[in-house]
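To keep things clear, I will list the structure first and then write my remarks on it.
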Amino acid sequence: MAFPGFDCARVARALGLLCTEAEDLADAYFERIELTETPGAQAGPGLVVRREEGFALRLVRGGRVWLVSRDEIGDDVVARAFRQVARSLPPAAPSFRGIEPGPWPELEDADALLGLHGRVEHELRQLRAGFPFRLRARRHRREAVVVSPRLQPDPQVETFYSVEADVPWGRWGGLMSDLDEAPLRIASALAELFRARDASPPQPVRTVVVLGPAAAAVFLHEAAAHTLEADTLALTGRPSSAIGVRLGSEILDVLDDPARAPGGVRRTSDDEGMPVTRRWLLRAGVVEQPIADRTWADRAGLQPGAGRRSQRHRLPVPRSSHLELLPGTFSFDELQAGATGGLLVQEVDRGRLDPFSGRFVLDAASARRIGPGGLGERLRPVRLSGSVVELLSAINGIGSQVRSGGAGWCAKGGDRLPVWATAAALRLEGIQVGPP
Amino acid sequence: MSVKSDRTVGAATVQSLLGEGYEEAELFAKTSRSRSATWEADRLTCAGADERGWAVRASGAEGSLHCAGTGSPPAQGPWPRPAAPPVQLPSAAAVAPPWEEPADFDAPLLAEGEALALLRSVAERLVAEHSRARLLQAILEDGVAELALKSSHGIEASHRARVATLDLWAALGDQATRMSIAAREPRRFAVGSLARRLADQLVVLSDGTAPTGREPSPAVLTGEVLAAAIDALHPLWFEPGGWSRLERLADAQGTLGSAAFTVVDDGRLRGGLLTAPTDGEGVATGRVVLVESGSLRRTLRSWRHEGPGEPVGCVRRPGWRDLPRVGPSHLMLEPDPRVTPSSLLEELGSGYYFLGLEGPVAVDWEEGRVDLPVYGFAIRAGRSSHPIRAARASASLTGLFTGIQRVARDLRFISSAGGCVGAPTVLVDHVSVGPA
C-alpha cells in the first residue's frame, strides 16, 4: 500500500479547523499513480515507467471553491498548502507529522506488457491473418486516500490495462481489467479492421441495428450516463427536474454501480470519500437518479457518491464509473434474427452528445450487414445518429448474456477517466445510419 | 528546490544511469507554479498548483528506458531494466545563439481578485453584446515554469516559460460555442473584443443557414480557420516523410503556393507563447523557412532526420510526463504587416467570410483535398448579407496554397501537438462552398 500508517486522523482534525462555517466542505485527496508502458514506437523508448504522487486540499464554502495541489507529499508541504487554502488561520497551526507515503513497490507486469505484441501476433495467425501493427500497452495503477473531517473511507486501489493498436486501416483501443483475454480480443479487432479495409460506407438509411456488448457499453456511457450527469443536466435546467422523465424504452434498466465493476477497478468509495451506491439511472426507461458528486448533490438535491477526479490538480466531477445494463431475454441469435437487413456493430470508436440539443452520434470503424442466412457484407466507416431519446427509445431487444469490461476513456471537460460497463447486446429499431 | 539549484542531483542521476550499464542518459526536469480561476453561473473556483517532475531517458545495447516521476529526481538507482529498441540522444550542441529572456516572464501571476474580476467582466460584456447570450463557463489559467536538461553528452540547458490561457464556453438558445485564447501574460487579454467575437460566433451559429448549393467562390478565412487547415496538414511540414509529400505536391519548379504563401517555424518568435532558446532535447531553436513566397525550401527536421536545410531544435516536450517528439513551436503562415484584415473584406467584394469551424478539418490524402466545416457570413458587395453555418469549404491542397492572394497582419495561433500553429486572415481566390 502507498499509505501505510498514514495518519488520517491528524489530517481530519486539521480539515475540521478549515471549516469555520456550518455548511463548509473540506477534504484532502492523496494519490499515487504508476504507469508502465510499452510505447511500441520504432524509435523507442522500449519501456516507459511513470510514478507520481501528490495531494490536493479543497475547501467549498457556498458558491466558492478553493483548491491547492502539490506534486509531493510530506508534512511541510501539506502544512504550507493548508495555510494557502484556509480562509482564516486557526489559533494553533495544525501538525501534519506522519504524512509520508511508503516506498514504491517493485515494478509489476513489465514483462507481460513487453510480451503482448508477440501474443497478439500468435492470435492473428490463429485467425489466419498476418500484417504489421503497432501496439501500445499500458498498466495503470492508482492508490487514493480521501480524508474529510467526518469521513475516513478505506484507501481505494485501481489496477487496469489499456491498449492502442494501429494498423494502416485504422486504430483500435480498449481498456481491460486483466491481460488474460487481451491477445485474442486485440487480434480479433485488428483482423476485423483488416477484413473491412476495402469496404464502403453505408448509404444513409433508417434501419435496425444490433450493437454487440462492447458497442452497447460505449453507447450507454455516452447516451445514458453523460446525459444524466448533473453538470450536463444543469446546462439546460435544474438537474433534479430530470427525475421521472422517460428517456428510453420500457425494457431498459441502467445502473451505475462502482462496487460491481470488474476486479481491479471495483470501488467502495468515490474520489470524495463518499460510499458508492447502486444508482438506478434508468428504471424501465425512466430517469430515477442522476449522477452527482458532493457539490452537485448539495446544489441540486441529488444523491452524492459519484465524484471522480482525473488527477489531484483537478476538482472532482460527477461521472459514472461502472454502468450496468440489466440483461434481457434474447439470445444473440434471436436479436440478429429480428434484424434481417439491418447492421451489426460490434465495436464503436467514439460517441458524442450535444448537451443542448440532445443530438447524439456514434461512430464505428466497421459494421456487418445482417442477411437472412447470417452476416453479409462489411461496411466502413459507419455513423449512427439521432436524439438521445430517439435512440434509447428505439431499443426493442436486450441480450441475455452480459459482458464486463472497459467502455473506454471518457474525456468530457478535459478530465480523462477510465469507464467500465457490464452490458449485453442491444437491438435498436429504425435508427439513422450513414457515413460519418 | 528549484531546477537551477538541482544540478548536483541532476549530475548524480545521469551518473547513476551510466553506472547501471546505460551508454547514454539524459535528465529533464520541470517545475511550475500556476493559478487558475473558474467562473460558472453559480460557482467561483480558485486553484493554485505547484507541479514538480522529472524524466530520464537512457539507452544502451539492450534497449532504452523513459522513466519519470514527481518531486526530485532520484540520485541513485536501481532503475528499471531497458527494453528494445534503443534510442539515440543528441550529442553536444554547437554554441547556441544568444538568448534574451522576454521581460514579461517576470510579471507576477494574476491574483485571485484580478482573475475573478476579469472573468466577471467577460460575462458582463457578453451580455452587453447580446442580451440573450450567456456565459456557461470561463477558465483563466496563468502559469510560469522552469525547465532544465542535462545529458551525458555534455548538454546543459535551462530556460523559463510563461503562458496564460482563457477558455470560454457560451450559449445562445440551444447553440453553444467555445473559444480558447492564450498569451504570455493574462493582463493582455482584451475582454471587450473577446466578448464581441464570442457574441458574433453565437449569432452565426444561432441564426445561420446552410448554403443551398455548391459553388466556387472567393473567401476570406480568419486566422483560426486557416491555422486549423495548416495543422491538419501537419504530415507535410515535419519529418519523417514530409519532404517527399511536399515534393509530390509541388510543380517541376518546386512551386507549391502563391507569392503570398510563406510558411515558417520560429522557436524564438518574439512575443511567441513557446519562445525558448532550446527545444525539449536541449538543441538550439531558431527560425526556419519551409515555403518561401510559394517556393518549397525544406521541412521542419531535427538532427535525427535527413533532408534539405540545417537541422533545428524542434523536439517538443510540453511536460515531464510527455515523450519528446518532433513538432512545431510556432508554425505559421507569415503575416503581412502592411495589410489589415478589414482591407481583405473590402477586396473580397462578394463571397464568404468564414469565422470559424464547427468540427475537425478533414484531409483526403489520396485525392489531395481538404474539407473545412465552416461558419461565417455570405458577403455581397462588401457587406454581410446573411450568416452561414453547416457549410463545407473544400479545395485541393495546391488549390488552397496557390489560391491565397493576400495575407493580413493579424496572426492568430491555435495549439497543436504541444506547439502552436498560426495564420493571419487571408483572402483566397476561390474555394468550393456548399452544404456540409
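The values are calculated or read from the model by the stated rules, or taken from the named source; none is laboratory data. The structure presented is a predicted model; accordingly, all values stated were derived computationally and were not measured. Note that each Cβ is placed from the backbone with ideal geometry, even for glycine, and that neighbours are counted across all protein chains shown. Side chains are part of the model used for accessible areas, which takes the heavy atoms of the whole protein and leaves out ligands, DNA and RNA. Shrake-Rupley method; radii C 1.70, N 1.55, O 1.52, S 1.80 Å.
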- Query: Rounded, prolate or oblate: which fits chain B when a ≥ b ≥ c are the square roots of the eigenvalues of the alpha-carbon gyration tensor, with rounded for a/c under 1.5 and prolate only if a/b beats b/c?
  - Reply: oblate
- Query: What is the mean number of Cβ atoms from other protein chains located within 10 Å of the Cβ atom of each residue in peptide A:230-240, rounded to a whole number?
  - Reply: 1
- Message: What's the whole-number percent of alpha carbon pairs in region A:218-322 lying beyond 20 angstrom?
- Response: 33 percent
- Note on the structure: Rounded to whole angstrom, the alpha-carbon centroid of region A:356-396 lies from that of region A:285-341 at a distance of 21 Å
- Task: Could you state how much accessible area is buried at the A-B interface, both sides summed, with a 1.4 Å probe, in Å² to the nearest 100?
- Result: 3100 Å²
- Quick one: if you stick a label point 7 Å off each Cα along the C-beta vector at A:Leu151 and A:Arg238, how many nm between them? 2.4 nm
- Task: Run the accessible area of region A:180-326 with a 1.4 Å probe and give the carbon-and-sulfur part as a rounded percent.
- Result: 50 percent
- According to the Cα gyration tensor, what semi-axes, each the square root of 5 times an eigenvalue, does the equivalent ellipsoid of region B:299-397 have, listed from largest to smallest in whole Å? 36, 18, 15
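First measure r as the distance between the Cβ atoms of A:Arg195 and B:Asp207, then evaluate 1/(1 + (r/R0)^6) with R0 = 41 Å and state the FRET efficiency to the nearest 0.05. Display every interim value, and only then the final one.
Working: r = 46 Å, r/R0 = 1.13.
E between A:Arg195 and B:Asp207, to the nearest 0.05, is 0.35.
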- Sequence-distant residues sharing a close amide H with A:Val65 (under 5 Å, placed H): B:Leu44, B:Thr45, B:Cys46
- Query: What list of ³J(HN,Hα) couplings, whole Hz, do you get for region B:365-370 from phi and the Karplus terms 6.51, -1.76, 1.60, once you set θ to phi - 60° and write x for glycine and proline?
  - Reply: 5, 5, 8, x, 10, 10
- With label points built 7 Å along Cα→Cβ from the Cα atoms of A:Glu250 and A:Ala41, find their separation and express it in nm. 5.6 nm
- Message: I need two numbers for region B:65-150: Rg to one decimal and Dmax as a whole number, Cα atoms only, in Å.
- Response: 23.0, 63
- Message: Starting from the 7 Å offset along Cα-to-Cβ, what nm value, one decimal, do you get for the label separation of A:Arg278 and A:Glu181?
- Response: 2.3 nm
- Note on the structure: The ³J(HN,Hα) series, computed from each phi in region A:427-436 with the Karplus coefficients 6.51, -1.76 and 1.60 at θ = phi - 60°, rounded to the nearest Hz and given as x for glycine or proline, is 10, 10, 9, x, 9, 6, 10, x, x, x
- Task: Over every pair of different alpha-carbon atoms in region B:1-156, take the mean of 1/r and invert it; report that Kirkwood radius in Å.
- Result: 18.8 Å
- Which cross-chain or sequence-distant (5 or more) residues have an amide H under 5 Å from the amide H of B:Asp410, H modelled 1.01 Å from N in plane? B:Thr425
- Task: Mind grabbing the accessible area of B:Trp39 for me, 1.4 Å probe, Å², rounded to tens?
- Result: 40 Å²
- Note on the structure: quick shape note, chain A: Cα extents on principal axes in Å, largest first -> 79, 52, 31
- Task: Would you mind calculating the gained length between A:Glu106 and A:Ser88 on full extension (0.36 nm times residue separation, minus the Cα-Cα distance), in nm to one decimal?
- Result: 2.2 nm
- Query: Check A:Phe131: other-chain or 5+ apart residues with amide H under 5 Å from its amide H, H built from backbone geometry?
  - Reply: none
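Between B:Glu156 and B:Asp336, what is the FRET efficiency for a Förster distance of 45 Å, r being their Cβ-Cβ separation, to the nearest 0.05?
On the way: r = 40 Å, r/R0 = 0.88.
Calculated transfer efficiency: 0.70.
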- Shielding of A:64-75 by partners, i.e. mean partner chain Cβ atoms within 10 Å per residue? 5
- Query: Tell me, what is the Rg over Rh of the protein assembly as shown, with Rh the Kirkwood radius over Cα pairs?
  - Reply: 0.95
- Task: Report in % the part of the accessible area of chain B that belongs to carbon and sulfur, leaving out ligands and nucleic acids; probe 1.4 Å.
- Result: 50 percent
- Query: What accessible area per residue, rounded to a whole number of Å², is obtained for the protein assembly as shown using a probe radius of 1.4 Å?
  - Reply: 40 Å²
- Query: Carbon and sulfur atoms: what percent of the 1.4 Å accessible area of region A:331-436 do they account for?
  - Reply: 49 percent
- For region B:209-352, take the alpha-carbon Rg, divide it by the Kirkwood Rh, and send me Rg/Rh. 1.02
- HN-Hα J in Hz across region B:140-148 - Karplus 6.51, -1.76, 1.60, θ = phi - 60°, x for Gly and Pro: 10, 10, 9, x, 10, 9, 10, 10, 9
- State to the nearest 20 debye the size of the charge dipole of chain A about its Cα centre, where the only charges are +1 on K and R beta carbons and -1 on D and E beta carbons. 760 debye
- Query: Over all residues in A:49-57, what is the mean tally of Cβ atoms on other chains that come within 10 Å of each residue's Cβ?
  - Reply: 5
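Beta carbons within 10 angstrom, averaged per residue: use that to sort the peptides B:106-115, B:390-399, A:140-149, highest first.
Taking the mean over residues of other Cβ atoms within 10 Å, the ranking is A:140-149, B:390-399, B:106-115.
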- Query: Computed FRET efficiency, Cβ-Cβ of B:Arg81 and B:Arg248, R0 30 Å: what is it to the nearest 0.05?
  - Reply: 0.10
- Note on the structure: Here the averaged projected area of region B:123-187, based on the convex hull of its alpha-carbon atoms and given in nm², is 6.2 nm²
- Query: How about region B:215-294: which trypsin sites (Lys or Arg not before Pro) there are in a DSSP loop, with at most 14 other Cβ atoms within 10 Å of their Cβ?
  - Reply: B:Arg270
